[in-house]
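In what follows, a structure is listed as structure tokens, so that the remarks can point back to it.
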Amino acid sequence: MIKIRRIRIGEFDLYRKVRLRALKEDSYAFCATYESALERTEEKWRDQADKAAEGSDQAIFIAFCGGDPVGLSAVYKDKRKEDEAEVFQVWVSAESRGTGLGKRIMDSVLEWSKSSGYKRIIATVANTNKKAIGFYENYGFEKKLEDSEETKMAMEIGSKKSAHATRARARV
Ligand SMILES: CC(C)(COP(=O)(O)OP(=O)(O)OC[C@H]1O[C@@H](n2cnc3c(N)ncnc32)[C@H](O)[C@@H]1OP(=O)(O)O)[C@@H](O)C(=O)NCCC(=O)NCCS
């Protein structure tokens, strides 16, 4: 059975494990590299995970199948635009893809962003990652800005599109 929940205080090692797996298996999808992540100190992982465990500035969600972590997302307040939350690190393990898990992880991001008072969610995707661009569009994001490397996408919280995204899930 799949379960998705926010990370808890002290779970930095769980976060490190799933993030390192994502970076190792799907390096093309992320700005950070597996090697750079390996060099991070335990203190940095702990600080990041603990800050994401409570409050409305940042959150990390982890999906589990049985007891095993199989998905991840991180969402942060944009320091320059108070009403925007930015989603990063979205990842579903290869064996769990195409089952709706990515959407369910985004539902957690959307619910948290909504209840934390944000008005829109931003995602930045490498232009080469066509699957992720399609995935976000399918979820209700729209392309906003595209340069030679990245596409910036946004979803208005409370817009018809995002309401549809949540309703569609409720029917499943
Ligand atoms: C992107 C990713 C998170 C999607 O996860 P997933 O669990 O396979 O996605 P889901 O099964 O929840 O949903 C996929 C939905 O996106 C749609 N989709 C997938 N690829 C698509 C594409 N190329 N174009 C359009 N829609 C696409 C599917 O049709 C499906 O919608 P449906 O249920 O209406 O048919 C996953 O592929 C992944 O982890 N990729 C590697 C890491 C990555 O690229 N992360 C994003 C970094 S920006």
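Listing for the model above:
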| read-out | value |
| --- | --- |
| Longest site-free stretch - the chain; sites: trypsin sites (Lys or Arg not before Pro), DSSP loop, at most 16 other Cβ within 10 Å | 120-172 |
| Coil-residue GluC sites (Glu not before Pro) of region 1-67, DSSP, other Cβ within 10 Å capped at 16 | E39, E54 |
| Check: the chain dipole with +1 on Lys, Arg Cβ and -1 on Asp, Glu Cβ, in debye | 720 |
| Descending semi-axes in Å of region 27-172, equivalent ellipsoid built from Cα gyration tensor | 22, 18, 18 |
| Gyration tensor (Cα) of region 70-136, equivalent ellipsoid semi-axes in angstrom | 22, 14, 9 |
| Computed helical MRE - 222 nm, the chain, DSSP H runs ≥ 4 contributing -39500 (n - 2.57), nearest 500 | -11500 deg cm²/dmol |
| Mean separation of Cα contacts under 8 Å, 6 or more apart, over the residue count of region 1-153: relative contact order % | 20 |
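Throughout, read-outs are computed from the coordinates displayed, never taken from laboratory work. All values derive from a computational prediction rather than experimental measurement. As a convention, Cβ positions derive from the backbone with ideal geometry for all residues, glycine included, and neighbour counts pool all protein chains shown.
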